[in-house]
1. Under the 0.36 nm per residue contour assumption, what length would be gained going from the current alpha-carbon distance of residue 260 and residue 333 to full extension?
2. Dividing the Cα convex hull volume of the chain by residue count, how many Å³ per residue is that?
3. Add -39500 (n - 2.57) for each DSSP H run of 4 or more in the chain, then divide by its residues: what number comes out at 222 nm, to the nearest 500 deg cm²/dmol?
4. Remind me, relative contact order of region 186-237 in percent, using alpha carbon pairs under 8 angstrom and six or more residues apart?
5. State the antiparallel share, in %, of DSSP beta bridges confined to region 127-242, rounding to the nearest 5.
6. Quick one: helix 3-38 against the long Cα principal axis of the chain, what's the angle to the nearest 10°, folded into 0 to 90?
7. Taking the chain as the reference, fit the longest principal axis to its C-alpha atoms, fit the long axis of helix 128-137 to the helix C-alpha atoms, and give the angle between the two in degrees, 0 to 90, nearest 10.
8. For the chain, give the share of DSSP beta bridges that are antiparallel, in percent and rounded to the nearest 5; count only bridges with both residues there.
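Just so you know, all these numbers are worked out from the coordinates, no wet-lab data involved. These figures come from a predicted structure and were not determined experimentally.
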């Protein structure tokens, strides 16, 4: 090999190595640039006291899931009820662009969108698993999207506290007559059911419930289930904890997202948010089964709480009232009618199996 040819080859190698080095620098630095450009920080308003067992925990866990799964590209800061907006104003906060996200429950919006209640719970309606099936594979999600789209909001299931209890009462309920004049904190369509049975429904955010019950400002409270109710200290005001929770047989929570913020996300982050909501819904429901069992044991054995059943005449009257209310909601708009029809079809289609499964579970529990 000639001296000139050797020098040329060494020069080519140096250029190749130099180019490779530049490429390596580019490869290493490019993701850093992308990360810097795509890092997002959202604010999540909630309808709950911070870390309230059940929905408050779900809100924080959902935020943590999204941050971890996105590698920090989407960070969610969680705010308790009242820290940015009051508990019942989080939908408007998302719709108005005050926050990008919220964690709440759809029945809070029944005043502005009567059919919204179907996406949390309706009296004598679908249980948690049946409701999930309707949303995910029975057409419920598309109807939900259609309902919220005019407000610039979309929603996903993102937590579930399971079936609710019937509520805490300062006096015994032996017949429908005992509901006359009773002031009860209640949300969802149950409020209208109790109104038609002679009670006076009262709207209160979770953070104000225990004090109002203790002072006698209200006579009864329907909130959620044992773990959440124990955390609020409702047992300190009364030991009468009625079942079943005909008002809310399902405890679905929702994640609200601004459509503008959603549309600004790349496809992979949208998938991460959607999957995080699904994962949280599943974990929250599993958590509810465990925590509610533990909490009920504490309430009964440590605090002397009693769990009487509503008398059949009360349940029969409530069921009749609920049927009339759901029919009136279906008549409010064509979309509400389609939502109610789809929900009813899901309930009718799953009724036989749901009843048999509940009966099997009860039989196994007693043997």
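1. Net length gain for the segment: 23.7 nm.
2. Details: hull volume 71.0 nm³, N = 367.
Convex hull of Cα atoms, per residue: 194 Å³.
3. Result for the chain: -17000 deg cm²/dmol, rounded to the nearest 500.
4. 35 percent
5. Details: 5 of 10 bridges.
Close to 50 percent.
6. For helix 3-38, the angle is close to 20 degrees.
7. 50 degrees
8. On the way: 15 of 31 bridges.
Among the beta bridges of the chain, antiparallel pairing accounts for roughly 50 percent.
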